[in-house]
Structures are given as C-alpha cells and as structure tokens.
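What follows is one structure encoded as structure tokens, with my remarks underneath.
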Amino acid sequence: MNECYLGIDIGSISTKGVLLDQEKRIIASTYIWTEGNPTQATKKVISLLREKIDSNYVLKGIGTTGSARKLIGLMLDATVVKNEITAHAIGTLSKHKEVRTILEIGGQDSKIIFLENGMIVDYSMNTLCAAGTGSFLSSQAKRLGVEIEDFGDIALKSKKPVKIAARCTVFAESDLIHKAQAGYRKEDIIAGLCRSIVLNYLNNVAKGKKIHGPIVFQGGVSKNKGVVHYFEEQLGEPILVDDEGHLMGAIGVAVLAHKAAVQKEYTWDMKDIAFETKGYECKGCSNHCELLKIYKEGKLVDTWGSRCGKF
Amino acid sequence: MKKIVTYPQMGDYNVPIYYLLTHILRCEIRKPPKISDRTVELGNKYSPTFVCMPFKYTLGTFLESLEEGANVLIQLGGGCRYGYYYALQKEIIKEQGYSFKLINLVTEGKSDLKKIIKDFKGIDPSFSILKSAYYLFITMKMIKYMDKLDHQIRKNIGFEQKKGEHEYVKQKMLTCFEHTKGYFPLLFTYLSYKRKFKKIKKNKKKCLKVGIIGELYTIMEPFANYDLEMMLSQYGIEVTRFTNATYLLFQKRKKVKKYLKKVKRFSKNRLGADALDNVGRLVYLGEKKYDGAIHIKSSFCTPEIGVMPILRRVSEEYKIPLLFFSFDTNTSKVGIETRIEAFYDMIEMRKQNE
C-alpha cells in the first residue's frame with residue numbers, strides 16, 4: 001500500500017488537482033475550468049485523478065487552496081485549508097529551493113511574494129484594479145482578433161513596441177485603440193501591451209520594492225513569452241518559468257497536507273457526496289447579514305456570513 | 001416642532017455621547033442606528049464616489065435617523081477632508097427634502113465655544129453652562145475609562161477560555177456607564193468592571209503581537225474595518241491599537257511633538273490628520289520588536305496615501321512586516337480574510353525561524 005496526498009487549487013477560472021506520493025513526487029495532475037461551479041469542478045478533478053493512478057494508493061491527506069478553499073475544504077473534510085499566497089510559496093519552494101521572488105499573474109488577481117532563506121518575508125496582492133491580469137490580456141486579444149495563445153510569439157517579433165499607458169486598464173485600452181487607428185503595426189501594439197502589463201505589475205503590485213533573483217514567474221500569464229521577455233528586460237534578471245507553474249498552489253497544499261500532524265484516511269467515493277448550499281438574509285437584528293447555509297448529505301454542517309456569532 | 005437630536009455612529013462612543021447629551025439638553029436624544037448594509041447603501045447612493053468612506057457612513061447614519069424623525073444633527077470636523085463633511089452633507093440632505101438643523105462643533109480643527117453655546121441654546125433655551133461643564137467632565141472620564149479597559153480587552157480577547165465572555169462583560173459595562181448617576185458611581189463601576197475583566201479565565205502564552213495603525217474612523221468603527229480586530233484575535237494575536245478618543249482628545253497635541261522629533265529621519269512635516277502619528281507609531285512598533293503592523297485606511301484618504309511610501313521605508317529599515325488595507329464600501333470580506341491569513345502565516349513562520 002502506498003500513501004498519497006491530494007492538493008486542490010480551486011481558482012475563479014480554473015481548478016487544479018495534484019496527487020503527491022510519499023516522497024513529494026507528482027504522480028498525477030489535472031487542470032480543468034471551474035465554470036462557476038467549484039463543487040462540481042472538484043468532483044470532476046477527483047474522478048480524473050483517480051483514473052490516472054493505480055488502485056493500491058491510499059489517500060492520507062487533503063489540502064485545499066484558492067478562492068473556494070473553505071467551501072471545498074468543508075466538503076472534503078480537508079486536513080489543510082490554506083490561502084493561495086502561502087500555498088504558492090510552499091509549492092514553489094519544494095521545487096526551487098533558492099527562489100527569492102515569486103511573480104504570479106492569474107486570471108483575476110496578481111501577486112508578488114518575497115522570500116528569504118526559504119521563508120516568506122513580504123507579499124502583496126493587487127487590490128482594487130484588474131489592470132495587468134490575464135482577463136485584461138484576453139479581452140484585448142479578442143479586440144485585436146488574435147488568439148491569446150499566439151500573443152507571446154507575435155509580441156517577440158516586434159522591434160519597436162509602442163508606448164501604452166500602464167496605470168489603468170481604461171487608459172490602456174483607449175491608448176491601444178488610438179494607436180491601432182493611427183496605423184501602428186499589430187505586433188508593435190501587442191508588444192506594447194505585454195510591456196504595459198509588466199510596467200503595471202511593477203507599479204501596482206510590486207510597488208517599487210526591491211526584486212532579487214532567482215525569480216520564478218507563475219500563473220496563466222507566465223505562458224506568454226512576450227510578458228516574460230519584458231519582465232527580463234525591466235528587471236535585468238533571468239526569469240524562470242516552470243512548466244508546472246500553474247500547479248504550484250495545488251502542490252503547496254499537498255505538501256502541507258503531507259506535513260500536517262493529523263493524518264486521516266480518506267475513501268475515494270467522496271466524489272459522490274451530496275453537497276448543497278442555500279443563501280438567505282437573516283432578519284434577526286439590524287445587521288441583516290447575508291447567510292449561507294451549507295448542507296452535506298442533507299445535514300446542516302455550517303452557516304457562514306453571520307456578524308453576531310449567532311450561527 | 002419637537003426637537004429630536006442625533007449624532008453619527010462610531011464604535012462604542014455612542015454611549016458617552018448619549019450620556020452627555022441626555023444630561024445637558026432637555027429634549028429627545030436619539031441614539032444613532034447601528035451601521036448595517038442599508039446604512040452603507042444609503043450613504044453610498046447620495047455621496048460622491050471619490051469621497052472617503054467615513055463621509056458615506058456618517059451620511060448614511062444621518063439619513064436613517066432622519067427617516068425615523070430626527071431633526072437636529074451633530075457633526076464634528078477635523079484636519080483633513082473631514083473638516084468639510086458638514087458643509088457638503090448639509091447640502092446633500094437638503095436636496096432630499098428634509099427640514100433639519102446641522103450643528104458643527106469643530107471648524108478648521110478648532111472649537112468656538114461661544115458658537116457652540118449659542119447653538120445649544122438654540123436647541124434648548126434652558127441650556128446651562130455650569131451643568132454642562134460638570135457632565136462634560138464625567139463624559140471625558142467615561143471615555144478615558146472605556147479606552148483603558150478596551151486596551152486591556154484587545155490584549156486578552158484572543159485568549160479567553162469561554163468564547164464571547166469579554167464581549168458580554170463589555171456590553172454590560174456599557175449599559176452601566178450609560179445609566180451612571182455621577183462621577184463617583186462611574187469610578188466605582190469602572191473599578192468593579194476592571195476587576196471583572198481581570199477575573200475572566202484566559203490561557204495566554206507567548207503569542208504574536210501586531211499593531212494597528214491608520215486612519216481614525218476606519219480603525220474605530222468595527223463595521224468599517226470588517227471586524228479586523230476580531231479576525232486577528234481569532235488567530236491568537238495580541239492587538240495593539242493607538243487611535244482612540246482619549247488619544248484624539250487629550251494626548252494628540254503632546255504626542256505629535258514627540259513624534260516629530262522621533263521620526264525626523266523620515267519626515268519633517270506633519271503631513272495632515274494622523275499621518276505623522278502613524279510614522280511615529282510604526283517606528284515605536286519596530287523598536288519594540290512587534291511581529292507585524294497593519295495599516296488601514298479608507299480609500300481616497302489623502303493624508304494616509306501620502307504617508308504610505310514613508311511607512312514602507314520605515315518597515316524596511318526596522319524589518320517589521322507591514323500590511324496595507326484600503327477599505328471602501330464594497331470591498332468583499334473574502335479578499336481581506338485571504339490577506340490576513342497569509343499575513344499570519346508569514347509572521348508565524350518568521351517567529352519560528354528566529
């Protein structure tokens with residue numbers, strides 16, 4: 001009997017699942033779209049992972065991360081429920097021990113994590129603004145009639161990227177339209193866009209903090225070669241992009257589940273659990289909290305969103 | 001027309017203000033409603049988008065009170081945009097068709113006593129200066145006692161054995177304060193509750209210590225900072241907070257001069273509102289080797305935005321982790337929880353590796 005550990009990263013756009021064995025090696029991984037339904041996506045991830053491995057593995061720990069980590073953690077009765085920042089740092093450290101800076105640009109958020117001697121010393125996340133995230137790039141790709149997958153290669157062809165406002169998406173977009181209508185070449189505009197993402201990130205997320213190498217770049221946008229190129233140009237350091245960069249969060253929580261003091265034994269049929277949520281507004285007092293009741297197998301297991309602590 | 005007086009809501013300070021007003025004015029005093037999602041919604045609807053959050057909260061409170069029949073509103077002013085709140089709020093409420101009177105007690109950072117007395121005489125012709133001075137004295141004492149106990153509660157609430165006990169005792173204490181009969185009964189209540197708080201069973205060991213700095217309203221009204229102190233205490237963190245009414249009323253003037261000397265390296269100017277104070281506090285936290293600091297402000301708070309680069313420099317120099325939060329009326333709590341959790345993990349890891 002071999003032991004294995006499951007890590008699931010349920011993001012706003014995609015859900016990632018990883019199975020690690022005793023030596024923290026990846027034995028199976030999968031990547032699917034969340035499609036606005038985290039419970040369904042999780043069930044799918046588990047059954048996909050199950051098909052990929054031999055039947056002699058016993059599941060000893062589960063970790064969840066990502067924006068739906070609490071809900072899924074409750075559903076699976078997870079050993080570890082951790083935020084994305086810690087999970088990404090732990091996951092990356094398990095592969096690149098020397099890393100000092102982790103850049104991450106995802107679909108909805110972007111973050112930067114600073115490490116020193118294998119320890120997080122500082123981090124920041126984008127706050128109000130969606131500028132410089134994957135969703136902005138993909139919407140601009142659509143506007144320019146280019147597939148997002150080709151974006152990076154086209155950008156690298158350009159010799160003279162146009163200057164595009166980097167502060168804010170609204171300004172960036174109007175700049176982009178002006179430049180396109182003025183007759184600039186498409187590859188120069190695309191290169192300019194990649195450059196503006198980088199500048200925006202360094203302005204709004206990194207906020208002028210000192211970035212030391214080795215630098216690892218993760219998240220969906222890291223697959224864009226143009227953005228990687230301009231990061232290297234701006235920071236003057238080589239940027240490491242891992243093929244498994246998108247799985248780092250999941251790997252991180254799986255490692256944490258492996259390390260956890262409490263070990264449980266899980267069965268594989270948890271993917272058939274009946275799991276339901278109901279939202280309603282409490283009229284008990286003037287707070288009018290929006291409550292979410294969570295039912296597992298028809299039984300109320302938790303209520304979220306109360307301010308007064310009644311539930 | 002019968003006069004009904006009300007004032008904005010901020011933390012637990014509605015108790016001493018209520019006490020003061022009921023004793024010096026012979027007319028109905030209405031406690032402001034607790035801030036709820038509806039308050040915020042109302043305030044948001046009628047405020048300019050880019051105004052700071054306390055404006056929206058206080059306007060929402062006023063509108064809710066007016067709906068319930070209040071017609072005399074009391075507002076204060078401060079050294080930043082806060083100084084213009086009353087003027088703009090007056091115009092906005094007027095446009096809603098209410099007939100009311102708005103009294104502003106502080107203009108350009110100074111209180112004009114003659115004007116205040118005139119205003120209060122306008123509400124209640126039998127207003128007596130001597131009586132007011134006496135009750136003002138008791139109220140100030142009450143605020144001081146509240147803040148003193150609050151300081152203790154913040155240190156211990158994360159470690160109570162029976163959950164919610166501190167909060168329960170505190171609510172009882174506030175009720176007693178509200179019905180206090182004079183200075184000596186107040187002192188007596190204070191001392192007895194001080195003992196009660198001490199008696200609450202706690203299991204406190206070595207723990208993480210975090211200081212909260214930032215803009216005053218966001219710090220003092222728990223609804224505005226999404227119960228940040230509560231969230232931190234659930235992680236077993238000891239919270240230190242500097243801003244309270246005692247500080248603003250009695251200590252600020254002295255402390256600012258001290259801070260100005262202390263932080264000469266980082267800033268030579270006062271920077272407006274509480275900005276300089278926050279630099280001084282962060283230096284203090286760094287010197288005392290706190291595990292971290294959290295800077296909170298409402299979005300568009302100009303003095304605090306201006307001080308952020310300086311704070312970043314202080315945090316680098318003293319190697320104290322600093323987390324920034326900017327709250328507006330629609331920030332979701334989930335994002336805040338994620339950042340707090342990551343912050344906790346970070347300072348915990350640091351502590352272990354020391």
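The values are calculated or read from the model by the stated rules, or taken from the named source; none is laboratory data. What you see is a predicted model; the values in this text were computed from it and never measured. Neighbour counts run over all protein chains shown; Cβ positions are idealised from the backbone, glycine included. Surface areas here come from the heavy atoms of the whole protein model, side chains and all, with no ligands, DNA or RNA. Shrake-Rupley method; radii C 1.70, N 1.55, O 1.52, S 1.80 Å.
What to note about this one:
- Surface share of carbon and sulfur [accessible, 1.4 angstrom probe, percent] for chain B: 56 percent
- Between residue B:191 and residue B:105, full extension at 0.36 nm per residue minus the direct alpha carbon distance yields a gain of 27.8 nm.
- Links that overshoot a 23 Å alpha carbon limit, given the list B:258/B:288; B:110/B:252; B:115/B:254; A:163/A:225; B:31/B:333: B:115/B:254; B:31/B:333
- Beta bridges per DSSP, both residues in the protein assembly as shown: antiparallel share near 50 percent.
- Label zone (residue A:265, point 7 Å along Cα-to-C-beta; backbone nitrogen cut-off 14 Å) within the stretch A:1-37: A:1-4.
- 3J(HN,Hα) from dihedral phi, the stretch A:243-258, Karplus parametrisation 6.51/-1.76/1.60, rounded to Hz, x for glycine, proline: 5, 9, x, 6, 9, 3, x, 5, 4, x, 5, 5, 4, 5, 5, 5
- Ranked by the mean number of other Cβ atoms within 10 Å of their residues, highest first, the peptides B:11-22, B:110-121 come out as B:11-22, B:110-121.
- Two-site label geometry, residue A:273 and residue B:264: point separation in nm, points 7 Å out along Cα→Cβ: 6.2 nm
- When chain B is treated as a Gaussian network with alpha carbon springs shorter than 10 Å, the biggest mean-square fluctuation among B:229, B:238, B:28 belongs to B:28.
- Fraction in percent of alpha-carbon pairs per bin - 10 Å, the protein assembly as shown: 3, 13, 21, 24, 19, 12, 6, 2, 0
- For the residue pairs B:148/B:289; A:52/A:299; B:118/B:172; A:293/B:163, the alpha carbons lie more than 27 Å apart in A:52/A:299; B:118/B:172.
- Taking packing as the residue-averaged number of other Cβ atoms within 10 angstrom, the listed peptides B:306-315, A:49-58 run from highest to lowest as B:306-315, A:49-58.
- Per-residue [θ]222 nm for the protein assembly as shown (sum of -39500 (n - 2.57) over DSSP H runs n ≥ 4, rounded to 500): -14000 deg cm²/dmol
- Between B and A, accessible area buried - total, square angstrom, nearest 100, 1.4 angstrom probe: 2200 Å²
- With the convex hull drawn around the C-alpha atoms of the stretch A:53-206, the volume per residue stands at 169 Å³.
- Candidate aspartates and glutamates for bridging to residue A:296, where Cα separation is under 15 Å - those fewer than 8 sequence places away on the same chain excluded: A:77, A:269, A:272, A:276
- Shielding value for B:336-345 is 6, the average number of Cβ atoms from other chains within 10 Å of each residue's Cβ.
- Convex hull per residue volume in Å³, alpha carbons only, for chain B: 139 Å³
- Close amide-amide hydrogen proximity is noted between residue B:323 and B:293, B:294, B:295, each under 5 Å apart and 5 or more residues distant or on a separate chain (H modeled in the peptide plane; Pro and chain starts excluded).
- For the set B:56/B:202; A:82/B:162; B:162/B:351, the pairs lying more than 32 angstrom apart at their alpha carbons are B:56/B:202.
- Relative contact order, whole percent, for chain A stands at 21, derived from Cα pairs under 8 Å and 6 or more residues apart.
- If you sort the three axes of the alpha carbon gyration tensor as a ≥ b ≥ c, you get a/c of 1.5 or more for chain A and a/b above b/c, which makes it prolate.
- Cα→Cβ-extended label distance, 7 Å offset, between residue A:160 and residue B:84, nm: 4.5 nm
- Computed extension gain for residue A:234 through residue A:98, at 0.36 nm per residue and net of the alpha carbon distance, reaches 46.8 nm.
- Counting Cβ atoms of other protein chains within 10 Å of each residue's Cβ and taking the mean over peptide A:283-295 gives 2.
- Heavy-atom surface of the protein assembly as shown, accessible at 1.4 Å and reported per residue (Å²): 48 Å²
- Here is the size of the stretch A:3-100 from its Cα atoms: Rg then Dmax, 13.0, 39 Å.
- Pairwise FRET efficiency - residue A:116 versus residue B:248, Cβ, R0 = 41 Å, nearest 0.05: 0.60
- Neighbourhood charge, 14 Å Cβ-Cβ cut-off, centred on residue A:3 and excluding it, Lys, Arg +1 and Asp, Glu -1: +1
- The stretch A:256-311-the stretch B:291-318 distance, computed between alpha-carbon centres (Å): 36 Å
- Separation in nanometres of the label points that stand 7 Å from Cα toward Cβ, at residue A:180 and residue A:25: 4.9 nm
- Structural descriptor for chain B: relative contact order 16 percent, calculated from alpha carbon pairs under 8 angstrom and at least 6 residues apart.
- Placing R0 at 22 angstrom, the Cβ-Cβ distance between residue B:198 and residue B:288 gives a FRET efficiency of 0.40 after rounding to 0.05.
- Among B:70, B:133, B:293: highest mean-square fluctuation, GNM of chain B, C-alpha pairs under 10 Å: B:133
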